[in-house]
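The values are calculated or read from the model by the stated rules, or taken from the named source; none is laboratory data. Computed from a predicted model, the values in this text were never measured in an experiment. Methodologically, a virtual Cβ is constructed for each residue, glycine included, from the backbone with ideal geometry; neighbour enumeration extends over all protein chains shown.
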Amino acid sequence: MNDREKILEVKNLKKYYPAKHGNYLKAVDGVTFDIYRGETLGIVGESGCGKTTCGKTCIGILPKTDGTVYFRGKDIHRMTRKQRFAFTKEVQMIFQDPYASLDPHQKVYNIIAEGIRIHRLAGNKTEEQKMVLELLEMAGLLAGHASRNVHEFSGGQRQRIGIARALSVNPGFLFCDEPISALDVSIQAQIINLLMDLKKEKDLTMFFIAHDLSIVRHISDRIGVMYLGKMVELTDSDTLYDHPLHPYTEALLTAIPIADPDISAGRKQMILEGEVPSPVNPPQGCRFAGRCKKCMGICHDTEPVMQEIEPNHWAACHLYGRKEK
Ligand SMILES: Nc1ncnc2c1ncn2[C@@H]1O[C@H](COP(=O)(O)OP(=O)(O)O)[C@@H](O)[C@H]1O
Ligand SMILES: [Mg+2]
């Protein structure tokens, strides 16, 4: 994995929002990770832990407070206008709420054709029409849908329109922020399968945010777990599910309903109790200490750092001591 090209390199990224009384809300507070070409990195964690802020700061939609983000070797917070234009073709986004992210009064055709026009990807009108129809088909929509308005479509179909729009400019990188959370459960698997098929077909690299650990396993090669502005564990999907190291990950995993009663009975429940502390005034030591069943003295005063506990398996937790370099 490590010889592969790094598409995104995020180092000690921080994003603080101004809060009351001159304080700052530390939404993302020193996060480091890479995304390799062709992989899907999933990010999970409870609502409010900083996933969206992290993702948006990583693709330059939000300015950063500190740290660096390199996209294919370029600092994305210091791009020239020309570089940024090229970046908007290379990186596309799919958001949680297809109702908010698509103008309901627009024709589907125009939504999908917009990027093609901006980036001059079609030689003429006929070519543009052909491209739009291909994109509709790819996203599981019909040619006849092109002439209809967005408001005529259901949530699942709107998300398909959003996917067709994102892919219209042939991006190499897709940022998906909870793309199925707003959809009916019956539709969720369809959209996930579509994204997985398209990823394979188009050789995409994906950054996939989810708060539900049950879906993200299937779509992600590796998964990062965030808690209160920090990354607390990062490893490949199967390892994270079968052999989690951080007590927070364990707690998140036991919250997933399991259909098989034998497995369900064997898995110790670790209910998450207590409130998530405020990101304006995070606790001094480990941010999870107050809710952690395995908390030790050190956890309240020393912040654990991310360490490679096992090959390619990183966690920030005092249970594993301090590995000497
Ligand atoms: N524009 C903003 N201004 C101030 N605070 C914000 C803003 N956006 C998000 N936050 C705060 O930052 C924290 C992380 O939010 P967010 O990135 O949306 O988390 P997630 O996507 O994991 O739910 C939360 O405490 C949230 O209230
Ligand atoms: Mg979010």
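The table for this structure:
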| read-out | value |
| --- | --- |
| Selection status of residue 86, outside any strand (DSSP E or B) and away from ligand 1 (no atom under 16 Å from the Cβ) | yes |
| Residue in the stretch 302-313 that is more than 27 Å from the chain's Cα centre (by Cα) and surrounded by fewer than 17 Cβ atoms within 10 Å (Cβ to Cβ) present | yes |
| Filter result for residue 121 (away from ligand 2 (no atom under 16 Å from the Cβ) and either within 25 Å of residue 190 (Cβ to Cβ) or part of a helix (DSSP H, G or I) (or both)) | no |
| In the stretch 218-256, the residues that are assigned to a loop (DSSP other than H, G, I, E, B) and either in contact with a strand residue (DSSP E or B) (Cβ under 7 Å, 6 or more places away or on another chain) or of a type outside the set (Gly, Ala, Ser) (or both) | 220, 221, 228, 229, 243, 244, 245, 246, 256 |
| Residue in the stretch 176-191 that is farthest from ligand 1 (Cβ to nearest atom), counting only those that are within 15 Å of residue 140 (Cβ to Cβ) and within 14 Å of the chain's Cα centre (by Cα) | 180 |
| Any hit, the stretch 96-115, residues being of a type in the set (A, V, I, L, M, F, W, C), within 16 Å of ligand 1 (Cβ to nearest atom) and in contact with a helix residue (DSSP H, G or I) (Cβ under 6 Å, 6 or more places away or on another chain) | no |
| Only one of 26, 20, 56, 14 that is within 16 Å of ligand 1 (Cβ to nearest atom), touching a Leu at 6+ places or on another chain (Cβ under 8 Å) and not small (Gly, Ala, Ser) | 56 |
| Selection from the stretch 102-124 of residues that are surrounded by fewer than 18 Cβ atoms within 10 Å (Cβ to Cβ), touching a residue at least 24 places away in the same chain (Cβ under 8 Å) and farther than 19 Å from residue 172 by Cα | 103, 104, 105, 106, 107, 109 |
| Residue list for the stretch 16-56, filter: among the charged types (D, E, K, R), assigned to a strand (DSSP E or B) and over 19 Å from residue 208 (Cα atoms) | 26, 29 |
| Selection count where residues are farther than 15 Å from residue 249 by Cβ and assigned to a loop (DSSP other than H, G, I, E, B), scope the stretch 299-311 | 5 |
| Residues located in the stretch 192-211, provided they are within 16 Å of ligand 1 (Cβ to nearest atom) and part of a strand (DSSP E or B) | 207, 208, 209 |
| Any hit, the stretch 65-81, residues being at pLDDT 95 or above, surrounded by 18 or more Cβ atoms within 10 Å (Cβ to Cβ), more than 18 Å from residue 206 (Cβ to Cβ) and within 16 Å of ligand 1 (Cβ to nearest atom) | yes |
| Single condition residue 44 does not satisfy, out of (1) of a type in the set (A, V, I, L, M); (2) more than 13 Å from the chain's Cα centre (by Cα); (3) within 15 Å of ligand 2 (Cβ to nearest atom) | (2) |
| Odd one out for residue 97 among (1) surrounded by fewer than 17 Cβ atoms within 10 Å (Cβ to Cβ); (2) closer than 27 Å to residue 183 by Cα | (1) |
| Those residues of the stretch 226-241 which are over 15 Å from residue 41 (Cβ atoms) and free of Cβ contacts under 8 Å to residues at least 40 places away in the same chain, in sequence order | 241 |
| Residues of the stretch 160-170 classified as in a loop (DSSP other than H, G, I, E, B) and crowded, with 20+ Cβ neighbours inside 10 Å, total | 1 |
| Boolean, residue 88 is of a type in the set (S, T, N, Q) and either closer than 21 Å to residue 177 by Cβ or within 16 Å of ligand 2 (Cβ to nearest atom) (or both) | yes |
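Conditions (1) among the small types (Gly, Ala, Ser); (2) within 16 Å of ligand 2 (Cβ to nearest atom); (3) within 29 Å of residue 272 (Cα to Cα), marked per residue:
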| position | (1), (2), (3) |
| --- | --- |
| 6 | no, no, no |
| 27 | yes, yes, yes |
| 35 | no, no, no |
| 63 | no, no, no |
| 73 | yes, no, no |
